[in-house]
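Input: a single structure, listed below in structure tokens.
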Amino acid sequence: IHGYNNKFSDALLRIAQIAASVDYQGRVYLFSWPSQESRWGYVGDMDYAEQAELDLQYFMKMILRDAEGLRLDIMAHSMGSQILLRSIENIRPAFERRTGGGARDRVEIGKVIFAAPDVSELVFKRKIAGLSRVAAEKITLYASGNDGALDVSRWLRGKVARAGGLLDGKPINPGSEKVEVIDITGNALP
């Protein structure tokens with residue numbers, strides 16, 4: 001799930017690069033929402049991201065529709081993290097479904113990666129609890145102290161700390177042992 005100021009083609013290229021670099025063996029899906037693809041479109045993108053929540057829920061239900069024993073890994077970047085966290089509670093029932101005779105086939109969320117999540121620290125802590133209940137594996141949050149988009153977001157939102165940024169030089173404590181937080185400040189993207 002891409003972040004703000006991303007074109008579909010850029011998001012597609014980046015997810016293909018990531019999948020290739022880690023030799024990902026599963027299917028790769030990209031959820032793209034209508035970002036304005038502009039550095040100056042941040043405020044408008046907040047509305048587009050919110051509008052995309054139902055579309056993400058539908059998209060994930062379509063992936064899970066015919067699945068049995070599927071493990072779904074999810075990666076969300078920046079503003080895309082808001083879409084994921086707001087949607088996950090509404091689709092939680094889709095991760096369990098009944099089959100004949102009362103037996104259960106479980107569809108699980110495997111790994112979840114948040115890359116510089118543009119979500120308030122408080123909202124992230126509250127919503128991560130729900131995600132932790134359905135995620136089978138660890139959740140990883142990559143935070144940075146030099147992310148300009150998060151700095152702008154923090155300023156626009158009344159100086160509320162963002163989960164993907166640093167607070168007093170340190171990443172947030174998400175309040176869940178299932179969440180691994182990695183400070184990538186100073187590490188350049190390839």
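A few points about this structure:
- Under 5 Å from the amide H of VAL119 lie the amide H atoms of ALA163, GLY164, each residue being 5 or more positions distant or on a separate chain, with H modelled from the backbone and absent for Pro and chain starts.
- If you take the alpha carbon atoms of the chain and fit the smallest convex hull around them, that volume is 118 Å³ per residue.
- Exposure ranking of TYR4, TYR48, TYR58 by accessible area [1.4 Å probe, largest first]: TYR58, TYR48, TYR4
- When each of the peptides 162-172, 9-19 is scored by the mean number of other C-beta atoms lying within 10 Å of its residues, the order from highest to lowest reads 162-172, 9-19.
- Take the Cα radius of gyration of region 143-190 and divide it by 2.2 N^0.38 Å, N being the number of residues; the result is 1.17.
- Placing a label point 7 Å from the Cα of ASP47 along the Cα-to-Cβ direction, the residues of region 1-39 whose backbone N falls under 13 Å from that point are 36.
- In the chain, the portion of solvent-accessible area held by carbon and sulfur atoms comes to 51 percent [1.4 Å probe, whole percent, DNA, RNA and ligands not counted].
- Centroid-to-centroid separation of region 14-53 and region 116-190 [C-alpha atoms, Å]: 17 Å
- Charged neighbours of PHE59, selected by a Cβ distance under 13 Å, balance to 0 (K, R count +1; D, E count -1).
- Helix content alone sets the calculated 222 nm mean residue ellipticity of the chain: runs of n ≥ 4 DSSP H residues at -39500 (n - 2.57) each, divided across all residues, give -11500 deg cm²/dmol.
- Across SER32, SER81, the residue with the most accessible area heads the list, and the full order at a 1.4 Å probe is SER32, SER81.
The values are calculated or read from the model by the stated rules, or taken from the named source; none is laboratory data. None of the values given here were measured: they were computed from a predicted structure. Glycine also receives a Cβ, built like all others from the backbone with ideal geometry; neighbour counts cover every protein chain displayed. Just so you know, the surface numbers come from the protein's heavy atoms only, side chains and all, with ligands and any DNA or RNA stripped out. Shrake-Rupley method; radii C 1.70, N 1.55, O 1.52, S 1.80 Å.
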